[in-house]
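Visitor: Right, I'll just put the structure down here and ask away after.
The values are calculated or read from the model by the stated rules, or taken from the named source; none is laboratory data. It should be emphasised that the depicted structure is a prediction, and the values quoted were computed from it without experimental measurement. As a convention, Cβ positions derive from the backbone with ideal geometry for all residues, glycine included, and neighbour counts pool all protein chains shown. Accessible surface areas use protein heavy atoms only, side chains included; no ligands, DNA or RNA. Shrake-Rupley method; radii C 1.70, N 1.55, O 1.52, S 1.80 Å.
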Amino acid sequence: MPRSLFEPDRPTPSLKGATLLRVAVERGIDRGGLLRDWDALTYLAPGPGAGEAPVLAGELVTVPLGKSDTPTRGFVVEVGGEELAAGIQPETIKPILARAGACIPGPLVELGVWMAGYYLCPLGMAMATMVPAAVKARTGRRVVEQLERPDPVPELAGLTPKVRAAWEAVCELKPGAFPLAPRDLADAIGSPTVREVNRLVALGGLIAVEREIVRAREEPGYLADASALSAAPVLTARQREVVEGIGAALGSFSTHLVRGVTGSGKTEVYLRLIERVLAAGGSAIVLVPEISLTPQTSGRFGARFAEAGVAVLHSGLTAAQRHREWKRASSGGARVVVGARSAVFAPLARLGLIVVDEEHDSSYKQDQLPRYNARDVAIVRARIASCPVVLGSATPSLESWANATGDRPRSTLWTMPDRVGGASLPRVELVDMATLLRPEPGQKPPRPDRIPALSPRLRGALGEALGRGEQALILLNRRGYAHYLCCASRTCGWVLECDHCDARLVIHTGRQLPQGAVVRCHHCLAEQVVPHRCPACTGRLLQLGTGTQRVEEELTGLFTPERVGGACALVEGETLARVDADTMRTGRDYFETLGRFASGEIKVLLGTQMIAKGHDFPNVSLVGVLCADAALALPDFRAAERTFQLVSQVAGRAGRGVKAGTVIVQAYDPGAPAVKLAAVHDYPAFADAELAARRGAGLPPAGRMARVVCRDREFGRAREASEALAGALRAGAEGGRVEVLGPSPCAIARVAGYHRFEVLLVAPTARLVQDCLGGLRARGLLKSDARTAIDVDPVALM
């Protein structure tokens with residue numbers, strides 16, 4: 001109940017000697033300040049209790065928030081005394097409600113402050129992204145009884161022969177074997193029951209203690225021979241040079257870019273560097289794109305560093321598994337963490353090395369608040385920890401390449417131009433698909449909905465590979481059956497579009513779907529039944545464009561047992577597997593499919609970019625790339641860079657064993673530089689040409705960019721908000737050095753019913769962009785919320 005207006009004033013509490021805490025709550029509190037003016041609130045720490053440790057910076061706590069004292073989680077970002085109450089009325093400072101038990105290291109608090117400032121987001125939201133939700137909820141937490149052996153070991157007398165034998169076995173165990181559950185201890189000493197163990201507890205030879213554990217199911221292994229991965233191969237001369245060069249920098253901050261062709265042995269370089277870090281008592285983080293985090297990758301690190309412990313963090317884990325792995329890293333039970341984007345926040349102590357593999361991959365950029373790039377965050381975390389960071393890729397991002405090759409290099413470049421074992425890079429053939437659209441002399445042009453997805457050259461090469469007992473990968477970075485449903489009449493012009501987005505609907509087929517197919521929006525996920533006639537003129541409809549489902553149908557129709565024989569036949573779900581977001585619903589689906597492909601059960605793997613990287617299958621001799629130039633039509637200045645990277649990466653999956661590899665790239669514009677240079681594996685030439693074009697336009701990495709998107713269900717309000725923002729930014733721009741572009745409708749102007757306008761900032765330096773945006777934020781004119789998205793260093797402009 002509210003206090004009476006006539007209630008006497010309470011005495012002002014004294015804060016002398018009290019411990020005060022600055023807590024960043026997990027809410028969108030955005031004051032726009034820096035460091036001493038954090039988006040944090042001041043609370044009173046609990047008094048010292050019996051055996052209770054003091055509250056530390058980085059600790060997760062629950063605090064009362066607002067007038068209703070709503071229990072809210074937050075992170076302690078500073079611990080101090082009366083100085084934290086400066087400018088605050090003492091009677092308004094409330095005590096925290098509870099301590100959640102989780103705590104991140106102090107360096108991660110510093111990293112969170114940097115993220116909040118650089119990416120212009122509330123500090124509490126930056127801190128919240130560092131700890132998985134499963135850890136906060138304590139998913140899988142159990143309190144169990146375990147047994148410890150006293151130190152020093154006591155002398156026990158009057159034991160029966162069986163108890164004496166059990167006691168002698170207990171004394172032979174190493175101290176690191178404890179604590180153990182009673183049943184586990186009985187197994188360790190070879191006792192069939194826990195009777196003797198319980199007797200030793202009663203006699204004081206063992207001490208029963210309660211401990212908190214995280215219980216989660218173990219995932220089955222999908223590797224055929226994981227034990228072989230623990231053997232360290234002999235390094236090549238180039239590998240040894242890179243290991244020695246980066247190894248000499250261990251113990252201090254430095255940035256290294258390793259550009260090695262696919263199959264050059266970059267992973268072994270990472271493993272050798274981590275060995276040195278572990279030998280010195282340190283720990284390491286290895287980041288890989290989510291789609292590259294295969295059992296092959298995690299199994300290799302797990303086998304090599306089993307003694308040090310390897311924790312694996314990715315989206316395919318259950319909540320309890322994610323909690324268990326995080327706790328292993330936090331407690332020191334795992335000194336190596338391998339994971340996707342969020343693993344950059346692993347709570348490791350004595351961090352000695354960070355590796356970012358496939359550093360160019362766009363999945364390192366988070367598309368929700370806080371919109372951080374894990375590669376850049378890794379560099380900052382390495383600087384805070386005073387350790388090296390290694391960026392590895394066959395096709396580095398142009399930002400990383402410019403930082404390593406510019407006039408004033410900010411990182412050291414190491415090149416690995418040859419494959420291990422002397423294997424050659426695969427031969428790449430370009431197929432001009434436009435020739436299939438040209439009619440034969442005296443013939444009509446082919447119907448656009450009847451043009452095959454696979455060229456005659458690719459069909460023939462695939463048949464030959466299957467006949468030799470080899471495997472193939474087919475890449476098409478577009479899922480669904482067809483992505484364009486329109487009226488066949490040229491005078492009508494009707495096209496099926498989403499009711500909620502400015503985007504066309506994609507046809508998806510499936511036995512479980514109504515009438516065998518639906519049309520689905522890939523942005524808002526709305527679905528409709530596929531119309532059979534044009535709703536505008538009742539005419540015939542055309543299904544144009546090709547997705548992975550259509551290619552799957554074409555492959556099973558071409559390679560039937562009747563046409564090619566049983567040994568070369570492709571059967572959906574048996575010898576042919578489709579790998580995309582529609583079929584791979586969980587990490588287990590993905591891992592099981594890769595395991596079947598590795599064993600040879602599956603002959604052809606058809607999929608989107610999920611199959612483009614992170615795989616090493618020696619029996620793959622053929623890779624087919626369909627619609628290789630499709631992304632070049634996107635209104636994004638990075639389109640050519642992404643096209644080059646995708647074609648190069650998937651091409652690198654061929655010829656990894658003793659068999660020579662062939663890559664067939666199909667494109668409607670095979671002369672496009674991104675496609676042509678990828679076909680000859682010439683990254684330096686592509687990078688030099690693309691960098692020159694970027695410099696001419698002042699685009700990243702020649703300049704720095706930020707993007708602000710204003711959205712609203714009302715078109716007018718979205719436009720007005722963006723116009724007001726653009727005006728304020730232009731007024732705050734420093735002497736014209738910051739260029740403000742827009743506002744203009746986004747490339748996809750409406751998503752899920754929200755109209756979207758964008759404003760772009762381009763400047764020579766990051767500091768100019770930060771000062772311009774930060775000035776508006778400090779004045780309360782710019783705030784990251786549901787209607788305004790601030791994206792610093794955007795990697796996509798759709």
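Visitor: Taking region 756-767 on its own, how many of its residues are open to solvent by 30 Å² or more (accessible area, probe 1.4 Å) and either at pLDDT below 90 or over 21 Å from Arg719 (Cα atoms) (or both)?
Guide: Number satisfying all stated conditions: 3.
Visitor: Further, regarding this structure: Which of the residues belonging to region 546-598 are of a type in the set (Phe, Trp, Tyr) and either open to solvent by 20 Å² or more (accessible area, probe 1.4 Å) or over 27 Å from the mean Cα position of the chain (by Cα) (or both)?
Guide: Across region 546-598, the qualifying residues are Phe559, Phe591.
Visitor: Okay, moving on. Would you be able to say whether some residue in region 694-717 is part of a helix (DSSP H, G or I) and in contact with a strand residue (DSSP E or B) (Cβ under 7 Å, 6 or more places away or on another chain)?
Guide: Among the residues of region 694-717, at least one is part of a helix (DSSP H, G or I) and in contact with a strand residue (DSSP E or B) (Cβ under 7 Å, 6 or more places away or on another chain), which makes the answer yes.
Visitor: Can you go through Ala660, Ala724, Ala633 and tell me which one is modelled with pLDDT under 95, open to solvent by 40 Å² or more (accessible area, probe 1.4 Å) and in contact with a Lys or Arg (Cβ under 9 Å, 6 or more places away or on another chain)?
Guide: Working: Ala724 fails: in contact with a Lys or Arg (Cβ under 9 Å, 6 or more places away or on another chain); Ala633 fails: in contact with a Lys or Arg (Cβ under 9 Å, 6 or more places away or on another chain).
Of the residues listed, the single one that is modelled with pLDDT under 95, open to solvent by 40 Å² or more (accessible area, probe 1.4 Å) and in contact with a Lys or Arg (Cβ under 9 Å, 6 or more places away or on another chain) is Ala660.
Visitor: To continue, here is another question. If you go through region 43-97, how many residues are among the hydroxyl-bearing types (Ser, Thr, Tyr) and out of contact with any Leu (no Cβ under 9 Å at 6 or more places or on another chain)?
Guide: Number satisfying all stated conditions: 3.
Visitor: With region 410-509 as the region, which strands (runs of 3 or more DSSP E) entirely inside it contain at least 1 residues that are among the aromatic types (Phe, Trp, Tyr) and at pLDDT below 90?
Guide: Per the criteria, 484-487.
Visitor: Moving on. For region 540-557, give me the residue count where each residue is in contact (Cβ under 8 Å) with a residue 60 or more places away in the chain and under 17 Å from Gln471 (Cβ atoms).
Guide: 2
Visitor: Out of curiosity, is Thr608 open to solvent by 10 Å² or more (accessible area, probe 1.4 Å), of a type in the set (Ser, Thr, Tyr) and more than 30 Å from Tyr683 (Cα to Cα)?
Guide: No.
Visitor: Just to be sure I understand, how many residues within region 140-188 are in a helix (DSSP H, G or I) and either surrounded by 11 or more Cβ atoms within 10 Å (Cβ to Cβ) or in contact with a helix residue (DSSP H, G or I) (Cβ under 7 Å, 6 or more places away or on another chain) (or both)?
Guide: Within region 140-188, residues that are in a helix (DSSP H, G or I) and either surrounded by 11 or more Cβ atoms within 10 Å (Cβ to Cβ) or in contact with a helix residue (DSSP H, G or I) (Cβ under 7 Å, 6 or more places away or on another chain) (or both) number 18.
Visitor: Between a first residue in region 49-64 that is assigned to a loop (DSSP other than H, G, I, E, B) and a second residue that is surrounded by fewer than 16 Cβ atoms within 10 Å (Cβ to Cβ) and at pLDDT 90 or above, which pairs have beta carbons less than 6 Å apart while being 6 or more apart in sequence or on different chains?
Guide: Pairs that qualify, where the first residue is assigned to a loop (DSSP other than H, G, I, E, B) and the partner is surrounded by fewer than 16 Cβ atoms within 10 Å (Cβ to Cβ) and at pLDDT 90 or above, are Ala57/Gly106; Gly58/Gly106.
Visitor: Further question: When you look at Ala581, is it at pLDDT 85 or above, in contact with a strand residue (DSSP E or B) (Cβ under 6 Å, 6 or more places away or on another chain) and either assigned to a loop (DSSP other than H, G, I, E, B) or over 22 Å from Val675 (Cβ atoms) (or both), yes or no?
Guide: Criteria not met by Ala581.
Visitor: Related question: Consider region 591-649. How many of its residues are of a type in the set (Gly, Ala, Ser), closer than 25 Å to Met433 by Cα and part of a loop (DSSP other than H, G, I, E, B)?
Guide: Residues that pass the stated criteria total 2.
Visitor: Okay, moving on. Within region 350-369, count every residue that is open to solvent by 10 Å² or more (accessible area, probe 1.4 Å) and within 16 Å of Val380 (Cα to Cα).
Guide: Count: 4.
Visitor: For region 65-101, name all the residues that are assigned to a strand (DSSP E or B), closer than 19 Å to Val113 by Cβ and more than 33 Å from the chain's Cα centre (by Cα).
Guide: Listed by number, the list holds a single entry, Gly80.
Visitor: Take the residues of region 290-334 that are at pLDDT 85 or above and of a type in the set (Asp, Glu): which is most open to solvent (accessible area, probe 1.4 Å)?
Guide: Glu307
Visitor: While we're looking at this one, here's another question. Name every residue in region 768-780 that is hydrophobic (A, V, I, L, M, F, W, C) and modelled with pLDDT of 85 or more, in order of residue number.
Guide: Result: Leu768, Val769, Cys772, Leu773, Leu776.
Visitor: Related question: When you scan region 585-596, do you find a residue that is touching a strand residue (DSSP E or B) at 6+ places or on another chain (Cβ under 6 Å) and without any contact (Cβ under 8 Å) to a residue 40 or more places away in the chain, even just one?
Guide: Within region 585-596, one or more residues are touching a strand residue (DSSP E or B) at 6+ places or on another chain (Cβ under 6 Å) and without any contact (Cβ under 8 Å) to a residue 40 or more places away in the chain.
Residue-wise test of (1) in a helix (DSSP H, G or I); (2) open to solvent by 40 Å² or more (accessible area, probe 1.4 Å); (3) among the small types (Gly, Ala, Ser); (4) out of contact with any Cys (no Cβ under 6 Å at 6 or more places or on another chain).
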| position | (1), (2), (3), (4) |
| --- | --- |
| Asp376 | yes, no, no, yes |
| Val390 | no, no, no, yes |
| Pro396 | no, no, no, yes |
| Arg408 | no, yes, no, yes |
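Visitor: Out of Thr586, Thr538, report the one residue that is of a type in the set (Val, Ile, Thr), on the phi > 0 side of the Ramachandran plot and out of contact with any Pro (no Cβ under 6 Å at 6 or more places or on another chain).
Guide: Answer to the check: Thr538.
Visitor: Can I ask one more? Being touching a Ser or Thr at 6+ places or on another chain (Cβ under 7 Å), closer than 30 Å to Val708 by Cα, surrounded by fewer than 24 Cβ atoms within 10 Å (Cβ to Cβ) and modelled with pLDDT of 95 or more is the requirement here; does Ile384 meet it? Write out each step before concluding.
Guide: Working: touching a Ser or Thr at 6+ places or on another chain (Cβ under 7 Å): no; closer than 30 Å to Val708 by Cα: yes; surrounded by fewer than 24 Cβ atoms within 10 Å (Cβ to Cβ): yes; modelled with pLDDT of 95 or more: yes.
So Ile384 fails the test.
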